[in-house]
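The values are calculated or read from the model by the stated rules, or taken from the named source; none is laboratory data. Everything numeric in this text was worked out from a predicted model, so none of it was measured. Cβ: placed from backbone, ideal geometry, glycine included. Neighbour counts: every protein chain shown.
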């Protein structure tokens, strides 16, 4: 038996990471973990309990105790189906503050590594998977696209004004790239995949070709 296959997919919001990661996982028969959903789940729990997302100690304590289950495309937070709720604008606007909390990141990285150990590998996507969580992953990818294309995709999913969404995406990139702990960046040895002009299946084939 070889070591578990871990494919790390990082990149900014709206670049197509989730769609690509799910498709690659399905093709390879591996589990899929959206680590961003974990940060959103903590954010949802904080908002639900009335915990201020900028209260670092309270949010960190919450991250350590909250029950988060990600299976079969659903996200359950303390027994509540939060699959749709974690994608709301309220959570989206607050999640950067939670993700910038070093103690929250430490707690969730521990959970992410435990998930992969329990599932015998997997396709894991997020912002710091190849750089921090699984630096020895079999394959590390940095999936990106132009801010405008990412905004158009997001508006197609949840509606809104493209210009406003593009501005919000650029600001989110800035916050994610400049935070002190685990900033968004291309991991050493990562393959950069620009999805701007590619269909999902084309991206998946590129990735599978890299695996050999």
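Being crowded, with 18+ Cβ neighbours inside 10 Å and part of a helix (DSSP H, G or I) is the filter here; which residues of segment 97-109 pass it? The answer is 97, 98, 99, 104, 105, 107, 108, 109.
Suppose the filter is farther than 30 Å from residue 200 by Cβ, modelled with pLDDT of 95 or more and in contact with a helix residue (DSSP H, G or I) (Cβ under 6 Å, 6 or more places away or on another chain); does residue 63 pass it? Yes: the conditions hold for residue 63.
To keep it simple, each residue is scored yes or no on (1) modelled with pLDDT of 90 or more; (2) in a helix (DSSP H, G or I).
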position	(1), (2)
167	yes, yes
170	yes, yes
175	no, yes
180	no, no
184	no, no
187	no, no
204	yes, yes
209	yes, yes
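Condition test on residue 76, is it part of a loop (DSSP other than H, G, I, E, B), touching a strand residue (DSSP E or B) at 6+ places or on another chain (Cβ under 9 Å), closer than 24 Å to residue 157 by Cα and free of Cβ contacts under 8 Å to residues at least 60 places away in the same chain?
Answer is no for this residue.
Filtering segment 176-204 to residues that are free of Cβ contacts under 8 Å to residues at least 40 places away in the same chain and loosely packed, with under 14 Cβ neighbours inside 10 Å leaves 177, 178, 197, 199, 202. Can you find a residue in segment 128-141 that is touching a helix residue (DSSP H, G or I) at 6+ places or on another chain (Cβ under 9 Å) and surrounded by fewer than 14 Cβ atoms within 10 Å (Cβ to Cβ)? Checking segment 128-141: not a single residue is touching a helix residue (DSSP H, G or I) at 6+ places or on another chain (Cβ under 9 Å) and surrounded by fewer than 14 Cβ atoms within 10 Å (Cβ to Cβ). Taking the criterion of being touching a helix residue (DSSP H, G or I) at 6+ places or on another chain (Cβ under 7 Å), modelled with pLDDT of 95 or more and closer than 30 Å to residue 164 by Cβ, the residues of segment 69-89 that qualify are 75, 77, 82, 85, 86.
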